[in-house]
Amino acid sequence: MWNNFGKQLYDNIIANDRWLMYLEGLGNTVIMTLCAAVIGIIIGMLVAICKVNAKESRNPLMKVLNVICDIYLTVIRGTPMMVQLLIFAWVIFTSVPISQLLWVGILAFGINSGAYAAEIIRSGIQAVNKGQMEAGRSLGMSKGLTMRKIILPQAVKNILPALGNEAITLLKETSISCYLAITDITYVATMIRSRTFSPVPLLTIAVIYLAIVMLMTFGLRKLERRLSKSER
Amino acid sequence: MSDNVENMENREFNYAEDDLICVEHLEKKFTTYSKEVHAVNDVSVTVKRGEIIAIIGPSGSGKSTFLRCLNLLEVPTAGKVIVEGVDITDKSVDIDKHRQKMGMVFQQFNLFPHLTVMENITLAPIRVKKLSKEEAEQKALELLERVGLKDRAQSYPRQLSGGQQQRIAIVRALAMEPDIMLFDEPTSALDPEMVGEVLDVMRSLANTGMTMVVVTHEMGFAREVASRVLFMDEGKIAEQGAPADVFDHPQNERTISFLSKVL
């Protein structure tokens with residue numbers, strides 16, 4: 001298996017323009033991660049704000065919304081991502097052609113990561129001192145305005161590390177989309193491996209995943225440092 | 001607000017021209033687990049324009065809760081709070097409008113840590129009063145000058161001492177040009193050497209004729225600056241009157257015992 005490793009590298013990465021396949025897979029992995037992260041953060045933000053408000057609200061609509069959010073969080077966090085993905089593809093979106101399954105994957109990953117993001121964002125909002133909301137309201141600012149201008153900016157700073165972790169998890173989790181034959185980078189690797197029976201494709205993508213994660217960690221650290229400038 | 005509307009509301013509540021706040025039978029109950037706490041128990045008070053009211057009393061007597069009911073940070077369980085002729089406990093009232101006219105200063109300052117001093121002060125005037133940025137900053141600088149912190153406009157709250165933070169918090173409230181200022185133990189979280197600078201600012205504010213309601217443990221300040229002192233105990237106003245009367249000739253037994261401990 002390890003004979004002629006140099007030749008194997010060549011065969012598995014460069015020959016037959018195989019690097020182009022990795023590139024295509026990488027593109028899909030990145031697209032899936034980015035789109036799902038955006039969906040996840042939007043859902044997470046909405047669910048978190050809904051849950052934070054429902055606690056003190058007497059509005060029956062809020063109570064109903066709160067129950068819906070609870071069901072969403074319980075179901076999504078209580079079932080495996082893999083099962084959710086398969087259900088999305090083969091139970092809910094049965095009429096979507098195989099070539100378009102990338103979008104089903106994005107939706108499934110986005111909805112899944114939204115549940116985790118919601119809990120992270122909620123804890124971030126609740127970690128902001130209660131006096132901040134009171135100070136905002138005492139100046140005549142509305143609840144929404146205080147939320148946007150005072151609470152959320154501080155919450156974001158609190159939750160950035162956890163949210164970054166979630167993004168990293170999301171990136172790695174997209175690898176299971178190869179079960180839907182979505183041509184992400186993992187799918188590409190298994191395809192090439194099935195031709196060459198070499199360890200190189202899997203090792204290659206492991207290195208690529210690792211590189212992206214390290215890049216994300218680096219970016220996050222920079223962002224954190226910029227956001228904490230008011231603390232120095 | 002047009003004069004007609006105001007007059008009608010005045011009549012409804014027998015609201016005298018110079019009554020700024022009229023509190024009628026205010027009550028606030030908290031329920032924690034099985035225990036019911038009567039934090040404020042049937043309090044009625046009128047605050048006239050220009051008055052400086054000091055609220056004193058033992059801890060847990062409901063002073064802060066009472067003060068927080070005045071701008072509805074705490075929602076009363078019963079009673080009315082009539083501000084400039086409008087009952088703000090009425091659910092149909094736009095409370096944000098009234099809070100603009102009621103500045104509040106907190107024990108813990110509650111400055112916004114992610115914003116500079118200037119942004120702290122101008123955020124509400126720009127967003128709520130719709131002042132232009134230039135106007136708001138101009139005004140903020142004037143106010144900062146008054147409290148001697150003009151050079152700290154670009155600092156972040158964390159870079160300031162407690163006394164400086166509290167002075168900024170006062171400026172932040174004043175920037176909305178309120179008709180009344182509420183102070184919730186403004187010096188209790190300060191190191192002793194910083195209490196003076198904050199009291200000085202409050203004293204000069206009192207001299208401008210601002211209506212103030214101050215919950216405080218600073219008896220010297222209350223005696224010197226207040227036009228009326230309220231002594232609260234167990235959610236009720238046990239005694240009130242001019243500072244000289246309350247401090248030198250207290251009538252109520254609880255007032256006597258409290259003052260003997262703190263003076």
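So here's what we get for this one:
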| read-out | value |
| --- | --- |
| Residue count for the stretch A:91-111, restricted to those that are assigned to a helix (DSSP H, G or I) and under 17 Å from residue A:178 (Cα atoms) | 13 |
| Hits in the stretch B:219-253 - residues which are under 15 Å from residue B:62 (Cα atoms) and of a type in the set (D, E, K, R) | B:233, B:234, B:236, B:239 |
| Residue count, the stretch B:34-58 (criterion: in a strand (DSSP E or B) and more than 17 Å from the chain's Cα centre (by Cα)) | 7 |
| Residue list for the stretch B:158-175, filter: over 28 Å from residue B:59 (Cα atoms) and either away from chain A (no Cβ under 14 Å) or surrounded by fewer than 22 Cβ atoms within 10 Å (Cβ to Cβ) (or both) | B:158, B:159, B:160 |
| Residue in the stretch A:121-129 that is aliphatic (A, V, I, L, M), in a helix (DSSP H, G or I), over 21 Å from residue A:39 (Cβ atoms) and within 14 Å of another protein chain (Cβ to nearest Cβ) present | yes |
| Residue in the stretch B:184-193 that is more than 14 Å from chain A (Cβ to nearest Cβ) and part of a helix (DSSP H, G or I) present | yes |
| Residue match in the stretch A:17-33 (condition: more than 16 Å from residue A:174 (Cβ to Cβ), among the basic types (Lys, Arg) and assigned to a loop (DSSP other than H, G, I, E, B)) | no |
| Sole exception among (1) of a type outside the set (Lys, Arg); (2) under 18 Å from residue A:132 (Cβ atoms); (3) more than 23 Å from the chain's Cα centre (by Cα) for residue B:131, by number | (2) |
| Any chance residue A:136 is out of contact with any strand residue (DSSP E or B) (no Cβ under 9 Å at 6 or more places or on another chain), facing chain B (nearest Cβ under 9 Å), closer than 24 Å to residue B:70 by Cα and not hydroxyl-bearing (Ser, Thr, Tyr) | yes |
| Residue satisfying condition, being hydrophobic (A, V, I, L, M, F, W, C), under 19 Å from the mean Cα position of the chain (by Cα), modelled with pLDDT under 95 and surrounded by fewer than 17 Cβ atoms within 10 Å (Cβ to Cβ), within set A:162, A:155, A:181 | A:162 |
| Filter result for residue B:140 (of a type in the set (Gly, Ala, Ser), out of contact with any Asp or Glu (no Cβ under 8 Å at 6 or more places or on another chain) and facing chain A (nearest Cβ under 8 Å)) | no |
| Scan of the stretch B:177-224 for residues that are within 19 Å of residue B:246 (Cβ to Cβ) and in contact (Cβ under 8 Å) with a residue 40 or more places away in the chain, ordered by number | B:183, B:185, B:206, B:212, B:213, B:214, B:215, B:216, B:217, B:219, B:221, B:222 |
| Residue match in the stretch A:137-144 (condition: basic (Lys, Arg) and surrounded by 15 or more Cβ atoms within 10 Å (Cβ to Cβ)) | yes |
| Residue A:73 being at pLDDT 95 or above and either part of a helix (DSSP H, G or I) or among the charged types (D, E, K, R) (or both) | yes |
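Every residue, every condition in (1) away from chain A (no Cβ under 14 Å); (2) surrounded by fewer than 23 Cβ atoms within 10 Å (Cβ to Cβ); (3) modelled with pLDDT under 95, yes or no:
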| residue | (1), (2), (3) |
| --- | --- |
| B:60 | yes, yes, yes |
| B:80 | yes, yes, yes |
| B:95 | no, yes, yes |
| B:98 | no, yes, yes |
| B:117 | no, no, no |
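The values are calculated or read from the model by the stated rules, or taken from the named source; none is laboratory data. As the structure is a prediction and not an experimental result, all values here were calculated from the model. Quick reminder, even Gly has a Cβ in these numbers, built from the backbone with ideal geometry, and neighbours come from all protein chains shown.
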